[in-house]
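Structure record follows, encoded as C-alpha cells.
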Amino acid sequence: MRWVTSGDVRLALVEQGDPAAPTILLVHGYPDTHQVWDEVAAELADRFHVVRYDVRGVGRSSAPRDRRHYAFDHLAADLAAVLDAIGKPRVHLVGHDWGSLQGWEAITRPGIRDRVASFTTLGGPGVDQTAHFMRHGKRTQIAAQLRRSWYIGAFQLPVLPEIAWRTVIPRSLARTMSGEGVTPRPGHPSATLAKDARNGLRLYRANMFTRRRVPGDPNVTVPVQLIEGTRDAFVTPGLLASLGRWAPDFWHRRIAAGHWAHRSHPQVVARMVGEFAEHLEGGPARKELRAARAGGRRRPYQDRLVVVTGAGSGIGRATARAFAAHGAEVVCADIDLGAARRTAEGIGERAHPYRVDVADAGAMADFAAEVLAAHGVADVVVNNAGIAVGGPFLDHSLDDWRRTVDVNLWGVVHGCRLFAGQMAGRGEGGHIVNIASLAAFAPSRALPAYSVSKAAVKMLSDCLRAELAGQGIGVTVICPGFVSTAIARNATFVGPDVKELAVAGLRRRAYPPERVAAHILRAVRRDQAVVPVNAEGWIGYALSRLSPALMRRIARRSTTAEFH
C-alpha cells in the first residue's frame with residue numbers, strides 16, 4: 001500500500017501484479033472499500049497490474065475538511081491523482097456502484113478520458129445517462145427504476161440516514177448480501193463500515209439531483225463493457241439497456257447474480273474484465289465477447305454455439321439448419337457419423353459433425369469435453385436424439401425398455417448434466433432444449449416405453465427449469481404431435497406389425513420438421529417452459545390438463561403408433 005495526495009485528502013492505494021503488465025484500476029462502490037475487490041484482484045494479478053484505492057472518506061483514505069468536497073469534480077481529481085501515481089499512458093478502468101458512477105463521469109472529461117483504454121461498469125449507470133433515461137424512457141421502466149431508487153431520495157434527508165446506518169441498515173444490508181450468496185469475510189463488510197457509510201452519504205447529497213434539470217452530455221468515446229447482474233436489486237434492466245446508445249463501442253454481458261456480482265461470482269467477473277482488457281490490448285475476442293458486442297447488423301445467434309444431438313435427420317437436422325441460418329455455429333451430433341456429416345456439409349463451415357451415442361455415459365462425457373476444448377461452452381443445447389419401440393406392453397422385452405430409456409431419457413440426462421454444468425461454470429447463462437412428444441402427456445397402449453420415457457423427459461425439464469433459473473439457464477421441453485420424420489421407419493415394432501401404417505400416417509400428416517425447428521428457436525428466444533407443437537400437440541396438452549379421464553378413454557381406443 002502507498003499513499004496518493006489529492007488536495008487535502010490522502011488516498012490509500014494498493015497494487016498487485018507485475019507493474020510492467022497492462023493496468024486494471026478497480027474502483028469500489030458505496031458503502032464498500034477497496035477490499036470488496038479482493039477476490040477479483042487475486043484472479044487478475046497473475047497477468048495484469050491491478051490497482052485499487054479507497055475513495056475519499058472511506059477505509060484508510062482520509063476525509064476532506066469541507067463536507068461539500070464529495071462532488072464529481074473532487075472525485076475526478078482523485079482519479080486523476082491515482083492515474084498520475086500509476087504513471088502509465090492508459091489504464092483499464094472498472095467501477096462498481098458509485099465507482100461506476102465516478103467512471104462514467106470521468107470518461108467524459110478531458111485529461112482523463114484519453115488515459116482510459118476501456119471502462120467496465122457494474123451496477124452503476126452514470127448520472128447524465130440516468131437523467132436522460134428519466135426524461136425520455138418508457139413510463140413503466142421509469143416507474144420500475146424509481147421503485148428501486150427510493151433510498152436516493154431518503155439519503156438527502158438530514159440526520160435520519162445517519163441514524164439508520166447506526167441501527168437498521170447494517171442488518172438490512174447483511175440480509176441483502178446473504179440473499180445474493182455473499183458471505184461476510186475479513187475486509188467485507190469493512191471494519192470501518194459505520195464511518196464509511198456516514199461519509200458516503202455526502203456522495204448522494206453532493207451529486208444527485210444537481211443535474212436532474214440540465215443533464216450534461218451523456219456521450220462517451222471510451223470502449224465500454226457493461227456487466228449486468230440480472231438480479232440486481234437496485235438497477236433495472238431497462239435503465240441498463242439504455243446505456244448502449246451513449247457509447248459507440250459497447251459490449252453488454254450478463255451474469256445471473258445480484259448487485260455484488262464481484263463478490264458472489266468473482267471468477268466470472270474477473271474473466272470478463274480480463275477478456276475485455278486483453279482484447280483492447282490487441283488480443284483476439286472470445287466468442288462470448290464477440291456475441292456481447294452491441295450495434296451493427298447481427299443475426300440473432302451470431303457468435304453463439306449450438307449443440308444438437310440426433311442432428312443427422314428429422315427434427316435434429318432441421319433444428320441445426322435453422323440455428324445456422326440465424327448465425328449460430330452448430331455442433332451436429334448423431335450416432336450415424338455419415339448422417340451428421342451430411343447435415344454439417346449442407347450447412348457449411350460453421351457446422352461440425354460428431355459421432356456420439358447419447359446412451360453411453362462415457363462417450364457423452366468425452367463428447368462434451370471435446371466440444372468444450374474445440375469450440376468453447378455451448379450457448380444452446382438441443383437434446384433431440386431418440387428412438388421408438390411400438391407395440392403392446394406385454395410384447396416389449398426388457399431390452400426394448402432398456403434401450404428406449406437409455407436413449408430417450410438417459411441421453412437427455414447426460415446432455416443436461418454435462419452441458420448445463422459447463423454453462424453454470426461459465427456464469428453467463430444458456431439454454432437447454434429437450435425434445436419430448438405429445439406422448440409425454442397423452443397415454444397410448446401402442447407406445448408404453450416411448451411414452452414413459454418422454455413423460456420423464458418433460459418432468460426432468462420442469463425440475464431443471466426450477467433449479468437452473470437462478471443461474472440464468474433456461475430449460476424448454478418441446479412436445480410435438482405427429483411430424484413427418486423417419487422415426488416410424490426407424491422404429492422397432494413388437495406384436496402386430498403396424499410399421500407401414502405408422503409410416504404412412506406420418507407421411508399423410510405432412511407436418512415438416514422445419515416447423516418444429518421454428519418453434520424451438522422461438523422458445524429459446526422467449527424462454528418458454530413447455531411448447532406443444534401443431535394441432536394435436538396442443539389438443540393433447542389441453543385435454544391432459546382439463547380432462548385426464550378423457551385422455552385415458554382415448555388411449556384405450558388407440559391402435560396405431562403416435563410418433564413425433
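The values are calculated or read from the model by the stated rules, or taken from the named source; none is laboratory data. Values in this document were obtained by computation on a predicted structure and should not be read as measured data. With ideal geometry, Cβ positions are generated from the backbone for all residues, glycine too; neighbour counts draw on all protein chains shown. We work out accessible area using only protein heavy atoms, side chains counted, and drop any ligands, DNA or RNA first. Shrake-Rupley method; radii C 1.70, N 1.55, O 1.52, S 1.80 Å.
Assorted remarks:
- Cβ-Cβ FRET estimate between Asp217 and Arg297, R0 fixed at 35 Å, reported to 0.05: 0.80
- Estimated from helices alone, the mean residue ellipticity of the chain at 222 nm is -13500 deg cm²/dmol (sum of -39500 (n - 2.57) over DSSP H runs with n ≥ 4, per residue).
- Tail beyond 25 Å, pair distance distribution of the stretch 248-354 (Cα, percent): 39 percent
- Accessible area per residue in Å² at 1.4 Å probe, computed on the chain: 42 Å²
- The stretch 341-397, accessible surface, carbon-and-sulfur percent (1.4 angstrom probe): 51 percent
- Angle between the chain longest axis and helix 266-280 axis [Cα atoms, degrees, rounded to 10]: 80 degrees
- Using the Cβ-Cβ distance between Arg68 and Asp46 with R0 = 51 Å, the FRET efficiency computed as 1/(1 + (r/R0)^6) comes to roughly 0.75.
- Carbon and sulfur %, accessible surface of the stretch 45-122 computed with the full protein complex present, 1.4 Å: 46 percent
- His375, His49, ranked by accessible area, largest first (probe 1.4 Å): His375, His49
- Taking a ≥ b ≥ c as the square roots of the eigenvalues of the Cα gyration tensor, the stretch 1-42 is classed as oblate, since a/c reaches at least 1.5 and a/b does not exceed b/c.
- Calculated log₁₀ intensity ratio I(q)/I(0) where the Debye formula runs over C-alpha points of the stretch 80-170, q = 0.13, 0.16, 0.25 Å⁻¹: -0.62, -0.83, -1.19
- Counting only residues at least eight positions apart within a chain, or on another chain, the aspartates and glutamates with an alpha carbon under 13 Å from that of Lys454 are Asp406, Asp462, Glu562.
- When the solvent-accessible area of the stretch 158-263 is split by element, carbon and sulfur atoms take up 59 percent of it, the probe being 1.4 Å.
- Relative to the longest principal axis of the Cα atoms of the chain, the long axis of helix 72-86 lies at roughly 90 degrees.
- Taking all protein chains as shown and a probe of 1.4 angstrom, Trp165 keeps an accessible surface of around 20 Å².
- Kirkwood radius, the stretch 225-290, all distinct C-alpha pairs, inverse of mean reciprocal distance: 12.6 Å.
- Cα point-scatterer Debye curve for the chain, base-10 log of I(q)/I(0) at q = 0.08, 0.12 Å⁻¹: -0.63, -1.07
- Trp150 versus Leu394: modelled label distance in nm, points set 7 Å from Cα along the beta carbon direction: 6.8 nm
- Backbone N within the stretch 43-67 under 15 Å of label point (7 Å from Arg198 Cα along the Cβ vector): 57-59, 63-64, 67
- Histogram of C-alpha separations across the stretch 126-207, 5 Å bin width, %: 3, 12, 17, 21, 18, 16, 10, 3, 0
- At an R0 of 22 angstrom, the distance between the Cβ atoms of Ala373 and Ala325 translates into a FRET efficiency of 0.25.
- Degrees between helix 513-526 axis and first principal axis of the chain (Cα, 0 to 90, nearest 10): 30 degrees
- Each Lys and Arg Cβ is given +1 and each Asp and Glu Cβ -1; about its Cα centre, the chain then shows a dipole of about 2020 debye.
- Cleavage-rule hits, trypsin sites (Lys or Arg not before Pro), the stretch 245-298, DSSP coil, Cβ neighbours within 10 Å at most 12: Arg297
- Value of D in µm² per second that Stokes-Einstein yields for the stretch 142-282, Kirkwood Rh from Cα pairs, at 20 °C (1.002 mPa s): 123 µm²/s
- Straight-line cross-link reach from Lys138 at under 29 Å between alpha-carbon atoms covers no lysines, not counting any fewer than eight positions away in the same chain.
- Anisotropy class assigned to the stretch 381-454 is prolate, per the alpha carbon gyration tensor with a/c at or over the 1.5 cut-off and a/b larger than b/c.
- Qualifying lysines (Cα of each under 18 Å from Cα of Lys287; at least 8 residues distant if same chain): none
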